[in-house]
Each structure stands twice: as C-alpha cells, then as structure tokens.
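Coordinate-derived values only; no laboratory data. The structure presented is a predicted model; accordingly, all values stated were derived computationally and were not measured. Don't worry about glycine lacking a Cβ; one is built from the backbone with ideal geometry, like all the others, and counts go over all protein chains shown.
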Amino acid sequence: MGKLENLDFKKNSLRNINNFLQNIDFKKNLREFVIRNPSGNHAICAGLKEDISVNIKGHVGYYCGGMNQNANITIEGNAGTGLGENMMSGLIHVKGNVSQSAGATAHGGTIIVDGNASSRCGISMKGVDIIIKGSVGHMSAFMAQSGTLLICGDAGEALGDSIYETVIYIAGTPKSLGADCVEKKITKKDLIKIDELLNIGKIKKIKSSKFKKYGSARKLYNFKIDNVSEY
C-alpha cells in the first residue's frame, strides 16, 4: 500500500494516515483503502480530494471527512461532532449514529446515517443531501441554506429554525418547528426527489408517500417590524 504499509492507528499516526490519503500515488493503481483501529480519533479523512474509497473499521471522533471532495468514506461505527463539515462532494456513509452538527456548512455530496443524528444536523448546510434513517435532535437544519434533509424518523424541537431554501422531508413527527419553518405541499417533483434519496440510502421500508415536506415561509428574508420578535 505504497510507502505506508498499513493504515492502522496502532501502527501509524493520524498525520501519517491523512497525509497518505491526501497524496495518493495513482501510478500504483490503488483506490480502495481500509483504516483499522480508529479509536475515536478526530479529523480522520479530512481534506481528501481524490475519487477513492475508504472504509473505516470502527468509531471516529470529531470532523471525520471534513472538507471532503470526491472520496467515498464508509464508517463502520459511530461518528462525533461535525461529520462531513464543509464537504464539497463525494459520499460519507455512517453505519451507526452521529453526534451534533453533522453536515455543517456542507456545500455538496451526500451524507447517509443508518442510525440517529443528534442536534443541529445540517446546520447552515449549503447544498448537501443528508439522509437520516433514524431521528434527528433539536434545531436540525438551523439556518440551512440549500440542499435536502431527509429524515425517516422524528425530529426534536425547532426543526428548520430560520431556514432558507433547504427542503426537509420527514416521515415522522417534529416536536416543534423553528421560526419561519412551515409545512408545504408535496408535489410530484418532491416525490421523485424522495424516491431518489431513498434509493441512494437503500431504504425500502418507507414509501415516499409517507413523508411530509417543510421549508421556509420566507417571512424573515427582509426585516419587518411586525416580525421583530422572531429575529
């Protein structure tokens, strides 16, 4: 496996492993890699730019896959705060649960979580598609600007607070909606998008017809004295 014989945290440091994956020698025709014994280390697979596949065997800490471009990252465990923060493209698939702020400020790509996501999932997201097979915590999609958040379970308080143009699809029930977030009519275009996300997430138990749609009422886009209590 190039100069680094084993992507194992018992044998190599985070710096060495990330440096190796950030500077792949494609002359060796290697595009699939396995990381072992991550043991909750932070910033694993941060800043990857190439079209490679990385399978992480275990739990990861903060900011795994941050700033990802093109890479396909699979985590066979849980993930800490800020999974895929500011990612631009590619795919991150977590087979467990994720902590708060998953997909924060992410501009593109897809994040799939097989379990639940904690608070502020998709905070200030800017184009990413986030698929949560379980439920999400409070203030998910807070100030979310673009992209899609699909939730197969329920949501905590203040879902979509101060949301812009992100679309939320949820099969369960939000505990409450945040400022300027309202339920909207599901269209045929929405059903097509939901089916697309369900197929990407390999979700077969829930039909697109079970989802409700939420988005911005657009009342906070411009300051109005009548809405001052909402700012």
Please arrange Arg120, Arg15, Arg36 by how many other C-beta atoms lie within 10 Å of their C-beta, fewest to most. Arg15, Arg36, Arg120
Within region 177-222, report the chymotrypsin sites (Phe, Trp or Tyr not before Pro) that DSSP leaves as loop and that have at most 11 other Cβ atoms within 10 Å. Tyr221
Check Asp154: other-chain or 5+ apart residues with amide H under 5 Å from its amide H, H built from backbone geometry? Ser135, Val136, Thr173
For region 7-23, what does the Karplus curve 6.51 cos²θ - 1.76 cosθ + 1.60, with θ = phi - 60°, yield as ³J(HN,Hα) per residue in whole Hz, taken in order and with x for Gly and Pro? 7, 10, 5, 7, 10, 9, 8, 4, 4, 5, 5, 5, 4, 4, 6, 7, 9
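By how many nm would the segment from Val34 to Ile200 lengthen if fully extended, with 0.36 nm per residue of separation less the alpha-carbon distance?
Computed gain between Val34 and Ile200 is 57.5 nm.
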Report for region 14-219 the percent antiparallel among DSSP-assigned beta bridges with both residues inside it, nearest 5. 15
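For every other residue with a beta carbon closer than 11 angstrom to the beta carbon of Ala106, add +1 if it is Lys or Arg and -1 if Asp or Glu, then tell me the sum.
-1
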Listing Ser135, Ser13 by rising number of other beta-carbon atoms within 10 angstrom, fewest first, gives Ser13, Ser135
What's the center-to-center distance, using Cα atoms, between region 1-73 and region 154-184 in Å? 35
Report relative contact order for the chain in percent, whole number only (criteria: Cα-Cα under 8 Å, sequence separation at least 6). 9
From a point 7 Å beyond the Cα of Glu157 in the direction of its Cβ, which residues of region 180-220 have a backbone N at a distance under 17 Å? 180-181
Please find, in a Gaussian network model of the chain (springs between Cα atoms separated by less than 10 Å), the residue of Leu30, Leu150, Leu91 whose mean-square fluctuation is greatest. Leu30
Highest-fluctuation residue, Lys133, Lys204, Lys49 considered, GNM on the chain with Cα pairs under 10 Å: Lys204
Radius 11 Å from Cβ of Thr173, net charge of other residues (Lys, Arg +1; Asp, Glu -1): +1
Could you work out the local net charge near Gly47, counting Lys and Arg as +1, Asp and Glu as -1, over the other residues with Cβ closer than 14 Å to its Cβ? 0
Sequence order, region 79-96: Karplus ³J(HN,Hα) from phi using 6.51 cos²θ - 1.76 cosθ + 1.60, θ = phi - 60°, Hz rounded, Gly and Pro as x, gives 10, x, 4, x, 3, x, 4, 6, 5, 10, 6, x, 9, 10, 10, 9, 8, x
Relative to the first principal axis of the alpha-carbon coordinates of the chain, what is the inclination of helix 188-200, with its axis defined by its Cα atoms, in degrees from 0 to 90 and to the nearest 10? 20
